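> Below are the structure tokens for one structure; questions will follow.
The values are calculated or read from the model by the stated rules, or taken from the named source; none is laboratory data. The structure displayed is predicted, hence computed values, not measured ones. All Cβ positions, glycine included, derive from the backbone under ideal geometry; neighbour counts span all protein chains shown.
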Amino acid sequence: MSTKLPSPNHIPAWETAYEHLSARAHPVGERRIAVVTLDHADKRNAMSDGMTASWVRLMAGLREDPQLAAVVVTGAGSAFSAGGDLSWIVSQPDAPVIALRHRMLEFYRSWLSIKTLEVPTIAAINGSAVGAGFALALACDLRFAAADAKLAVPFATLGLHPGMATTWSLPNVAGFAVARDLLLTGRAVTGAEALSLGLVSRSLPTAEVLDEAIAAATAIAHAAPIAMTLTVAALRDGGHQSFEDAIEWEALAQSVTLATADLHEGIEAAATRRRPHFRGR
């Protein structure tokens, strides 16, 4: 097993494996996209300590890849992720609250480190996404779900308060009415219903989910890198707090892109009906 992400400066396409996690990347022009697979199908890709440590190492490597254009996350087998592996609770029935709080914060921050990537992230929800597994999908910029996949946050029905920022991310993505419905009842929704609720961007046959996510990531990789990075920053975490904040940001960010060579390339490519060749400058 590899314990270090291959050097992005010398390997245009790579594949690597960690404990219960794998990743592969392939070039798109001068850039590349990464496909990350939660890989513990026997446990429905539950987020074990080993998988969590692997995720942290992988995210750290991806953050340092200057050619990275987009990341797709999916699950091995029939599930996206069953969520956190709670088997450790049985062995620690008397753990003090302060220790539990520290453990949970570390778990949340480990998995939500995907939000520190400056490129678009896509959850390819190939099957059930439950609890923290669904929270991981919510942390991505886009979500494509299998029409029959089950999505649920049944924390309260298990005796748990919701975690991994779901009391923030669910209202942010789909509004408070949907968040209350799912968090208070614990009911599962299909990928098809999730589309109607605004929880996912696309609902597809299971066999098409990953291919569609990769196609979207490829399209993103063909866009201008500076414009894409600034757009991700503008929209992430609920976007701007006010109309005035939005136009102030856009006046600055659009001015940055107006000063790039990529803009001139994009205009020329559109005029000559060819694909632009952006260089990130």
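> For segment 130-164, which positions are surrounded by fewer than 22 Cβ atoms within 10 Å (Cβ to Cβ) and part of a strand (DSSP E or B)?
L142, K150, A152
> Quick check on my filter: what residues within segment 20-68 are more than 26 Å from V130 (Cβ to Cβ) and small (G, A, S)?
Across segment 20-68, the qualifying residues are A25, G29, A60, G61.
> Turning to a different aspect of this structure: Does segment 105-114 include one or more residues that are closer than 25 Å to E208 by Cα and either in the same structural domain as A25 (by TED's automatic domain parsing) or in contact (Cβ under 8 Å) with a residue 24 or more places away in the chain (or both)?
Yes, some residue in segment 105-114 is closer than 25 Å to E208 by Cα and either in the same structural domain as A25 (by TED's automatic domain parsing) or in contact (Cβ under 8 Å) with a residue 24 or more places away in the chain (or both).
> Would you mention how many residues in segment 226-275 are part of a loop (DSSP other than H, G, I, E, B) and of a type outside the set (V, I, T)?
8
> Looking only at segment 122-129, decide whether some residue is in a helix (DSSP H, G or I), aliphatic (A, V, I, L, M) and either closer than 13 Å to T74 by Cβ or assigned by TED's automatic domain parsing to the domain that holds E193 (or both). Let's see the steps before the verdict.
Within segment 122-129, the subset in a helix (DSSP H, G or I) is none.
No.
> Against the conditions (1) among the aliphatic types (A, V, I, L, M); (2) closer than 25 Å to A145 by Cβ; (3) surrounded by fewer than 18 Cβ atoms within 10 Å (Cβ to Cβ), where does L199 fall short? Just the number, please.
That leaves (3) as the condition not met.
> Taking the condition closer than 17 Å to M164 by Cα, among the hydrophobic types (A, V, I, L, M, F, W, C) and in contact with a strand residue (DSSP E or B) (Cβ under 6 Å, 6 or more places away or on another chain), does F107 pass?
Values: closer than 17 Å to M164 by Cα: yes; among the hydrophobic types (A, V, I, L, M, F, W, C): yes; in contact with a strand residue (DSSP E or B) (Cβ under 6 Å, 6 or more places away or on another chain): no.
Considered against the rule, which asks whether it is closer than 17 Å to M164 by Cα, among the hydrophobic types (A, V, I, L, M, F, W, C) and in contact with a strand residue (DSSP E or B) (Cβ under 6 Å, 6 or more places away or on another chain), F107 comes out as no.
> Continuing with the same structure: Here are some residues: G83, G50. Which one is farther than 22 Å from A216 by Cα, within 17 Å of the chain's Cα centre (by Cα) and of a type in the set (G, A, S)?
G83
> Now for a different question. For segment 82-103, how many residues meet the condition of being touching a strand residue (DSSP E or B) at 6+ places or on another chain (Cβ under 9 Å) and on the phi < 0 side of the Ramachandran plot?
So the answer is 3.
> Enumerate the helices (runs of 4 or more DSSP H) found wholly within segment 165-224, keeping only those where 3 or more residues are farther than 19 Å from I122 by Cβ.
The qualifying helices (runs of 4 or more DSSP H) are 166-174, 176-185.
> Got a sec? Which of T157, T190, T231 is outside the structural domain of I114 (by TED's automatic domain parsing) and out of contact with any strand residue (DSSP E or B) (no Cβ under 6 Å at 6 or more places or on another chain)?
T231
> Sticking with this one: Going residue by residue through segment 139-149, is there one that turns out to be without any contact (Cβ under 8 Å) to a residue 40 or more places away in the chain and either within 23 Å of A207 (Cβ to Cβ) or touching a Ser or Thr at 6+ places or on another chain (Cβ under 9 Å) (or both)? Walk me through how you get there before you give the answer.
Applying the first criterion (without any contact (Cβ under 8 Å) to a residue 40 or more places away in the chain) to segment 139-149 yields 139.
This time we only want the ones that are either within 23 Å of A207 (Cβ to Cβ) or touching a Ser or Thr at 6+ places or on another chain (Cβ under 9 Å) (or both), so: 139.
Yes, the conditions are met somewhere in segment 139-149.
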